[in-house]
Ligand code: ACM
């Protein structure tokens, strides 16, 4: 061997050892991981997989399904195998229903759990212990080794959800399954399916076929959401999409196999243009001209945050026919979804038409309701009775607190955590989804380089990672858990769903699964990077926005100054003010930059170890001035 070959062999070994010594990156972070050292387990075509019961064998079959595409190995599941999945005959009280113990030795892998859900999560962790190439949809030539380790793991919260809005943009059944796959990978277990809104009714209701025939279709429009042209009187509504009951059953079963339960949301009494377009008699004005919105503006927004609806999108709480309608709708919904809860919406309900309606006023007088908030509370209590009569529990957005909570309602706290705190103090169950931490439709980075969203507000990755669903002074038993919620006004493809979801939903999975206080940002970043690599191999999308610079500006005494920080530590920021593109030989940022007068643009780029890692951000003096205000 010549000197050059010898040196490259040494380098190869060192790199190899380096890669091997690096801990695998598991998300969410398990409760306890011990790398026990010694030889790893080698997965080969000769490996056998076993399960001690029929249920365990089903999960073993799922494991074989996950392993097959990248390894090319076809495993036959038996009772005993080198990789062994066992359901415990005596309950392990540490693990609960979703926990597992995973032990990897050179000659064996064992996962034990009380319930199949625990085995399934043990499988997810096992997959993350394999090289990233395991995510590939095609056969890879890799040594499939799993480090020797001992893991004990169980979730912090029972409700770990992700919400997908399929009204604003319809997503196909295969897109929805892909979303569920991504959830399961990171141990989320509630798929909150926002099925109805002003922009589309997406669930077949056999008693009311027009809900999907009319409510599932809108006129075709392109361009900026909110600025789109309103539907014209006789314009055909050709942009359609809904799920048949058969498809819904199929998706519910698909999700259940991955330990994901499906929470259906029927958003009433507001957000109901699609239902009203189908059945105008459901609202006070009975306006036959209400149309399913294609993303046009149908509300006037006021400076104090309130709004006036320009068309009636609100069910009439004084009409018994509305409750008969809801009885049928919730009856069919309850029969489709085994999950004990139904989400009945309740958010952003406009009361203006109720306030002008004589029947609503008469109802208020009869029932002694002091204001329209109490009228909405009356409505929600009636809906709760309907939902309960179908054997289900009602959960609603935190507006259902206003005017008095329905007796057994649970609350999804979205306008911050305060609604959740209040509900818990009143002894109601709560799911935390505060918009300032876990609304993953919000911008995740610099607006100049992010896809436009409906709000200027941001939830940066680091902010999401700092969330604690359990506020001080609240009885933990009332906090069921939380969700990451994705509204889709401006999210039109499943690739974009993934871009908005990840890495924030990876971070949030740590928050809902891992023990309190273990959300260490500096340790999360390398784990996130490993998952980015895995996503690259699996052709799944994600955002790298956390690598972009954060530029703020101030303008004092007519001196405009830009300050630059980064979410991820250890990045170098280079900038230019001279019309050239920044590179690693431009000016290194060390402190606030004075922006000279004139037609000047600040261009910023982040680097790590001399390699570009972020997007270039270009902000004109004018933009920086606006930002300083
Ligand atoms: C909501 O974001 N309107 C619940």
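Please count how many residues of the range 58-81 are touching a strand residue (DSSP E or B) at 6+ places or on another chain (Cβ under 9 Å) and either under 30 Å from residue 536 (Cβ atoms) or in a strand (DSSP E or B) (or both). Break it down into steps so the answer makes sense when it comes.
First, pick out the residues of the range 58-81 that are touching a strand residue (DSSP E or B) at 6+ places or on another chain (Cβ under 9 Å): 58-61, 63-64, 67, 70-71, 73, 75-81.
Checking the rest, the ones that are also either under 30 Å from residue 536 (Cβ atoms) or in a strand (DSSP E or B) (or both) come to 59-61, 63-64, 67, 70-71, 73, 75, 77-78.
Residues in the range 58-81 being touching a strand residue (DSSP E or B) at 6+ places or on another chain (Cβ under 9 Å) and either under 30 Å from residue 536 (Cβ atoms) or in a strand (DSSP E or B) (or both): 12 in total.
Any idea which of 373, 369, 394 is crowded, with 23+ Cβ neighbours inside 10 Å and either over 30 Å from residue 499 (Cβ atoms) or touching a residue at least 24 places away in the same chain (Cβ under 8 Å) (or both)? Lay out the reasoning, then the answer.
Values: 373 fails: crowded, with 23+ Cβ neighbours inside 10 Å; 369 fails: crowded, with 23+ Cβ neighbours inside 10 Å.
That would be 394, the only listed residue that is crowded, with 23+ Cβ neighbours inside 10 Å and either over 30 Å from residue 499 (Cβ atoms) or touching a residue at least 24 places away in the same chain (Cβ under 8 Å) (or both).
Scan the range 154-181 residue by residue and report those that are buried (at least 21 other Cβ atoms within 10 Å of the Cβ) and either at pLDDT below 95 or closer than 18 Å to residue 66 by Cβ (or both).
Selection gives 179, 180.
Would you mention how many residues in the range 342-355 are away from the ligand (no atom under 16 Å from the Cβ) and farther than 16 Å from residue 318 by Cβ?
The total comes to 0.
Residue by residue through the range 269-290, note down the ones that are under 19 Å from residue 359 (Cα atoms) and touching a residue at least 12 places away in the same chain (Cβ under 8 Å).
269, 270, 276, 279, 281, 282, 283, 284, 285, 287 - these are the residues of the range 269-290 that are under 19 Å from residue 359 (Cα atoms) and touching a residue at least 12 places away in the same chain (Cβ under 8 Å).
Residues in the range 343-378 that are under 29 Å from the mean Cα position of the chain (by Cα) and part of a helix (DSSP H, G or I): how many?
Total satisfying the criteria: 2.
Of the numbered conditions (1) crowded, with 24+ Cβ neighbours inside 10 Å; (2) in contact (Cβ under 8 Å) with a residue 60 or more places away in the chain; (3) touching a strand residue (DSSP E or B) at 6+ places or on another chain (Cβ under 9 Å); (4) part of a loop (DSSP other than H, G, I, E, B), residue 317 satisfies every one except a single condition; which is it?
Result: residue 317 passes all but (3).
Looking only at the range 475-506, count every residue that is out of contact with any strand residue (DSSP E or B) (no Cβ under 8 Å at 6 or more places or on another chain), within 25 Å of residue 520 (Cα to Cα) and crowded, with 18+ Cβ neighbours inside 10 Å and tell me the total.
Number satisfying all stated conditions: 5.
Take the conditions more than 14 Å from the ligand (Cβ to nearest atom), farther than 19 Å from residue 510 by Cα and buried (at least 23 other Cβ atoms within 10 Å of the Cβ) and apply them to residue 424. Does it pass?
In short, yes.
For the range 130-153, state whether one or more residues are modelled with pLDDT of 95 or more, more than 24 Å from residue 68 (Cβ to Cβ) and crowded, with 21+ Cβ neighbours inside 10 Å.
yes
Could you check residue 435 against (1) within 13 Å of the ligand (Cβ to nearest atom); (2) within 14 Å of the chain's Cα centre (by Cα); (3) in contact (Cβ under 8 Å) with a residue 60 or more places away in the chain and say which number it fails?
(3)
So the check is Cβ under 6 Å with 6+ separation or different chains; which pairs have a first residue in the range 338-354 that's within 21 Å of residue 280 (Cα to Cα) and a second one that's within 16 Å of the ligand (Cβ to nearest atom) and at pLDDT below 95?
As it stands, the answer is none, since no pair meets every condition given.
Considering the range 438-447 alone, what residues qualify as being more than 13 Å from the ligand (Cβ to nearest atom), crowded, with 16+ Cβ neighbours inside 10 Å and not in a strand (DSSP E or B)?
444, 445, 446
Evaluate the following for residue 378: is it within 16 Å of the ligand (Cβ to nearest atom) and either at negative phi or without any contact (Cβ under 8 Å) to a residue 60 or more places away in the chain (or both)?
no
In this structure, is residue 430 within 16 Å of the ligand (Cβ to nearest atom) and within 13 Å of the chain's Cα centre (by Cα)? First the steps, then the outcome.
Numbers: within 16 Å of the ligand (Cβ to nearest atom): yes; within 13 Å of the chain's Cα centre (by Cα): no.
Answer is no for this residue.
Of the residues 358, 407, which is away from the ligand (no atom under 16 Å from the Cβ), farther than 14 Å from residue 263 by Cα and without any contact (Cβ under 8 Å) to a residue 24 or more places away in the chain?
Every option except 358 fails the conditions.
For the range 274-295, does any single residue satisfy the condition of being under 25 Å from the mean Cα position of the chain (by Cα), assigned to a helix (DSSP H, G or I) and either within 16 Å of the ligand (Cβ to nearest atom) or at pLDDT 95 or above (or both)? Before the answer, list the steps.
If we filter the range 274-295 for residues that are under 25 Å from the mean Cα position of the chain (by Cα), which is where we start, we get 274, 293-295.
Imposing the further condition that a residue be assigned to a helix (DSSP H, G or I) reduces the set to 274.
Retained after the next criterion (residues that are either within 16 Å of the ligand (Cβ to nearest atom) or at pLDDT 95 or above (or both)): 274.
Checked the range 274-295: at least one residue is under 25 Å from the mean Cα position of the chain (by Cα), assigned to a helix (DSSP H, G or I) and either within 16 Å of the ligand (Cβ to nearest atom) or at pLDDT 95 or above (or both).
Quick one: which residue in 389, 455, 417 is within 16 Å of the ligand (Cβ to nearest atom) and surrounded by fewer than 19 Cβ atoms within 10 Å (Cβ to Cβ)?
Only one candidate qualifies: 455.
Does the range 300-309 include one or more residues that are touching a helix residue (DSSP H, G or I) at 6+ places or on another chain (Cβ under 8 Å), within 16 Å of the ligand (Cβ to nearest atom), outside any helix (DSSP H, G or I) and at pLDDT 95 or above?
Yes, the conditions are met somewhere in the range 300-309.
Yes or no: the range 478-498 includes at least one residue that is away from the ligand (no atom under 16 Å from the Cβ), in contact (Cβ under 8 Å) with a residue 24 or more places away in the chain, more than 30 Å from residue 153 (Cα to Cα) and in a loop (DSSP other than H, G, I, E, B).
Scanning the range 478-498, I find at least one residue that is away from the ligand (no atom under 16 Å from the Cβ), in contact (Cβ under 8 Å) with a residue 24 or more places away in the chain, more than 30 Å from residue 153 (Cα to Cα) and in a loop (DSSP other than H, G, I, E, B), so the answer is yes.
Within the range 531-569, count every residue that is in a loop (DSSP other than H, G, I, E, B) and more than 18 Å from residue 615 (Cβ to Cβ).
Adding up the residues that qualify gives 6.
The values are calculated or read from the model by the stated rules, or taken from the named source; none is laboratory data. Because the structure is predicted, anything quoted here is derived from the model rather than measured. Neighbour counts are summed over all protein chains in view; Cβ atoms, including those assigned to glycine, are modelled from backbone coordinates with ideal geometry.
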